[in-house]
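*Asks:* My structure is below; once you've seen it, I'll send some questions.
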Amino acid sequence: MADRKIDPITFAVIKSGLDTIVDDMAYAVMRTARSPIVRDVLDYSVTMCDRQGRILSQAKTVALHLGAVPDAIDVVLERFAGKLAPGDVVVLNDPYDGGMHLPDIFMFKPIFHDADIQGFSVVVAHHCDVGGRVPGSNASDSTEIFQEGLRIAPMKLYERGVPNETLFKIIEKNVRLPELVIGDIEAQYATCNIGERELLRLVERYGADELNLYFDELIDYGEALTRSAIAAWADGDYEFTDYIDGDGFSPEPIPIKCRISVRGDHLHVDFAGSAPQVRGAINSTLSFTKSSTYLTVRCALDRDVPNNAGVYRCITVSAPEGSILNPLMPAPVAARALTGYRVVDTVMGALAQIAPRKVMAAGEGGNTVVVLGGYDRQTREPFILVDMINGAWGGRSDQDGIEGVTNPSQNMSNLPIETLEARYPIMMEEYSLRPDSCGAGEYRGGLGLVRQYRLLAEEAVLQVRADRYVHPPYGLFGGGAAALSRNVLLTDGAAEELDSKITRNIRAGTAIRHEQAGGGGYGDPLKRQVERIRTDLSEGKISQAYAARHYGVVFADGEIDEAATLVRRREMEAA
């Protein structure tokens, strides 16, 4: 810092100021958005970039979005070089032109001071519908991008503060819920304005030249801390492979394979050997693959590493063109989040060989998406429930996995039952933890969730995007795998087992039940403290049969016999 005449106190104040700005932006989205998926489920992200488009600070929002911002803003800067003016706002969602999947609309507002760009406010939001063949625009069984909805190339939604009424009208006419979609776009716009206002306050306080000096130093600081952490890891190549059960058309397992190469203070993550792009809509753009990788590596770093572009400088990512992690047009990508989750699990498995105490066993496999779309039987107004079920973490080196919580790659929330039932013709019949679904270990995984929905409208289109039906969430260092997930359709008293990825029509009175996988265990289950097992039993998280099978527990008159349990564990270890 001395070479640049950086004052450490001013550095800390500016860093904290940027963190506060993006947190204020995040709250603004939550408070002004119209749709439950943004306002309640929290499927959105905000960040602040400098004048070069480099991320300065990220809010504690959906991490899977944020690592894709660099590629998206590069497209904007190239497309609008010399053509941006104060009051301009650029939006895009095309996965093959800077985006990730069509429901995620990126919004960028250049921030001007004295005719020069000083930064960009950025907001990404998952919209409840962007048209296409099915409500919610998120089906896993589309077979090309043209079926998935409205594609927006990078273009100005506002030009010098004047709204582009043509683009607004195109969006309005191509979505099923225009009031909610336009309302959420307006929430993004209001939030960009907040970011602009607050960054300009920093400019006024410190001056543009001085502030940009500190921005450079902040990014360099993020890079230095990341390189220091990587340099402490042993050089070498570390490989791991995980699987997606299938793409909804073929039951063939889909391998996601990564090799992490540690060389000094740099990481290269290569996904050669992963599956070719698939027919179903679970292909992941390269930008999303990068984002999934960045956030997983970031999870293995210390807490004080700032979440900025400096981290990305230390990591390169490659995936074969035409693969599921770098598809070619017109491959469908609507349900690409599932593949991003599996990238996270795969990279985490490789990192476990490098920094075992910094990672966790596999979680539930990523959130499950249940979509029900149709028309209210009385008002004939359209409804689209996009419910994302956030479940369980894997066990960690010193703690059990958490349950009923967002996947580590997200910062999302489960939609409250009260909100769901108030807004949709749907009754939630069960919302509970799933006993015995955790992977056993010295530190067990979290339990998966159960959600059961009953349709009250006359009919609806049901879509489910789930996984971990065949390949369970893995355990680490002797920890056990978690239970597999299930989908069950309940019609007129009959139960029908469903595949993991489906789209079908259902009628009033039909119920869909999803039983989520749990998290994998960490460490030898026979080393789990008896008191922890006793607590799990008393809370109904595991059964006596589970405790006996996985932990070697012996019961006498319904209570744990600790002496007999010790003998039984020794027998199991010897075997």
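*Asks:* Quick check: is even one residue across region 208-219 over 14 Å from Ile14 (Cα atoms), in a helix (DSSP H, G or I) and open to solvent by 40 Å² or more (accessible area, probe 1.4 Å)?
*Replies:* Checked region 208-219: no residue is over 14 Å from Ile14 (Cα atoms), in a helix (DSSP H, G or I) and open to solvent by 40 Å² or more (accessible area, probe 1.4 Å).
*Asks:* Still on this structure, I have one more. Given (1) modelled with pLDDT under 95; (2) more than 26 Å from His266 (Cβ to Cβ); (3) open to solvent by 10 Å² or more (accessible area, probe 1.4 Å), identify the lone condition not met by Asn390.
*Replies:* All conditions pass for Asn390, except number (3).
*Asks:* In addition: Please go through region 437-464 and pick out each residue that is over 20 Å from the mean Cα position of the chain (by Cα) and assigned to a loop (DSSP other than H, G, I, E, B).
*Replies:* Ser437, Cys438, Gly439, Ala440, Gly441, Glu442, Arg444, Leu456, Ala457, Glu458
*Asks:* Please specify each residue of region 195-218 satisfying the condition of being under 30 Å from Asp43 (Cβ atoms) and more than 25 Å from the chain's Cα centre (by Cα).
*Replies:* Glu196, Arg197, Glu198, Leu199, Leu200, Arg201, Leu202, Phe215, Leu218, listed by residue number.
*Asks:* So which residues in region 257-279 are over 18 Å from Val333 (Cα atoms), open to solvent by 50 Å² or more (accessible area, probe 1.4 Å), charged (D, E, K, R) and touching a residue at least 40 places away in the same chain (Cβ under 8 Å)?
*Replies:* Lys257, Arg259, Asp265, listed by residue number.
*Asks:* Something else now. For region 520-575, which residues satisfy the criterion of being over 24 Å from Ala392 (Cα atoms) and in contact (Cβ under 8 Å) with a residue 40 or more places away in the chain?
*Replies:* Selection gives Arg569, Met572, Glu573.
*Asks:* Name the residues in region 487-502 that are touching a strand residue (DSSP E or B) at 6+ places or on another chain (Cβ under 9 Å) and farther than 12 Å from Glu515 by Cα, would you?
*Replies:* Leu490, Thr491, Ala495, Glu496, Asp499, Lys501, Ile502
*Asks:* Here is a follow-up. Give region 465-487 a look and list any residue that's under 15 Å from Leu338 (Cβ atoms), surrounded by fewer than 24 Cβ atoms within 10 Å (Cβ to Cβ), within 21 Å of the chain's Cα centre (by Cα) and not aromatic (Phe, Trp, Tyr), or say none.
*Replies:* The one that is under 15 Å from Leu338 (Cβ atoms), surrounded by fewer than 24 Cβ atoms within 10 Å (Cβ to Cβ), within 21 Å of the chain's Cα centre (by Cα) and not aromatic (Phe, Trp, Tyr): His471.
*Asks:* Answer yes or no: is there a residue in region 289-302 that is open to solvent by less than 10 Å² (accessible area, probe 1.4 Å), within 30 Å of Ala508 (Cα to Cα) and within 15 Å of the chain's Cα centre (by Cα).
*Replies:* Within region 289-302 (the criterion being open to solvent by less than 10 Å² (accessible area, probe 1.4 Å), within 30 Å of Ala508 (Cα to Cα) and within 15 Å of the chain's Cα centre (by Cα)), the answer is no, since none of the residues qualifies.
*Asks:* Would you mention how many residues in region 371-402 are closer than 15 Å to Asp40 by Cβ and among the β-branched types (Val, Ile, Thr)?
*Replies:* 3
*Asks:* Looking only at region 502-561, filter to residues that are hydroxyl-bearing (Ser, Thr, Tyr) and within 28 Å of the chain's Cα centre (by Cα); which one of those is farthest from Gln452 (Cα to Cα)?
*Replies:* Among those that are hydroxyl-bearing (Ser, Thr, Tyr) and within 28 Å of the chain's Cα centre (by Cα), it is Tyr522.
*Asks:* What are the residues in region 290-331 that are closer than 23 Å to Pro356 by Cα, modelled with pLDDT of 95 or more and β-branched (Val, Ile, Thr), if any?
*Replies:* The answer is Thr293, Thr296, Val297, Val311, Ile315, Thr316, Val317.
*Asks:* With respect to Asp242, determine if the residue is crowded, with 19+ Cβ neighbours inside 10 Å, in contact with an Asp or Glu (Cβ under 8 Å, 6 or more places away or on another chain) and of a type in the set (Asp, Glu).
*Replies:* Against the criterion (crowded, with 19+ Cβ neighbours inside 10 Å, in contact with an Asp or Glu (Cβ under 8 Å, 6 or more places away or on another chain) and of a type in the set (Asp, Glu)), Asp242 qualifies.
*Asks:* Also, I was wondering about something else. Sort out which residues of region 14-62 are open to solvent by 30 Å² or more (accessible area, probe 1.4 Å), out of contact with any Asp or Glu (no Cβ under 9 Å at 6 or more places or on another chain) and in a helix (DSSP H, G or I), and write them in order of number.
*Replies:* Lys15, Ser16, Asp19, Asp23, Tyr27, Arg31
*Asks:* How many of the residues in region 159-190 are assigned to a helix (DSSP H, G or I) and open to solvent by 20 Å² or more (accessible area, probe 1.4 Å)?
*Replies:* Adding up the residues that qualify gives 15.
*Asks:* Among the residues of region 141-158 satisfying the criterion of being among the small types (Gly, Ala, Ser) and at negative phi, which is least open to solvent (accessible area, probe 1.4 Å)?
*Replies:* Filtering first and then ranking leaves Ser142.
*Asks:* Check region 201-213 and report whether any residue there is touching a strand residue (DSSP E or B) at 6+ places or on another chain (Cβ under 8 Å), touching a residue at least 12 places away in the same chain (Cβ under 8 Å), small (Gly, Ala, Ser) and closer than 29 Å to Val38 by Cα.
*Replies:* No, region 201-213 contains no residue that is touching a strand residue (DSSP E or B) at 6+ places or on another chain (Cβ under 8 Å), touching a residue at least 12 places away in the same chain (Cβ under 8 Å), small (Gly, Ala, Ser) and closer than 29 Å to Val38 by Cα.
*Asks:* Same structure, new question: Say whether the condition of being outside any loop (DSSP other than H, G, I, E, B), out of contact with any Cys (no Cβ under 9 Å at 6 or more places or on another chain) and either under 25 Å from Pro330 (Cβ atoms) or among the aliphatic types (A, V, I, L, M) (or both) is met by at least one residue in region 151-158.
*Replies:* yes
*Asks:* OK, next. Pairs only if they're at least six apart or on different chains, beta carbon under 7 angstrom, first in region 464-482 and farther than 20 Å from Leu433 by Cβ, second open to solvent by 20 Å² or more (accessible area, probe 1.4 Å) and of a type in the set (Lys, Arg); list them, first residue then second.
*Replies:* Matching pairs, first to second residue: none at all.
*Asks:* Then there's this: Taking the residues in region 320-339 that are buried (at least 24 other Cβ atoms within 10 Å of the Cβ) and among the aliphatic types (A, V, I, L, M) as candidates, determine which candidate is farthest from Ile502 (Cα to Cα).
*Replies:* My answer is Leu325.
The values are calculated or read from the model by the stated rules, or taken from the named source; none is laboratory data. Bear in mind that the values here come from a model prediction, so they are computed numbers and not experimental data. Cβ coordinates were reconstructed from backbone atoms using ideal geometry, including for glycine residues, and neighbour counts include every protein chain displayed. We work out accessible area using only protein heavy atoms, side chains counted, and drop any ligands, DNA or RNA first. Shrake-Rupley method; radii C 1.70, N 1.55, O 1.52, S 1.80 Å.
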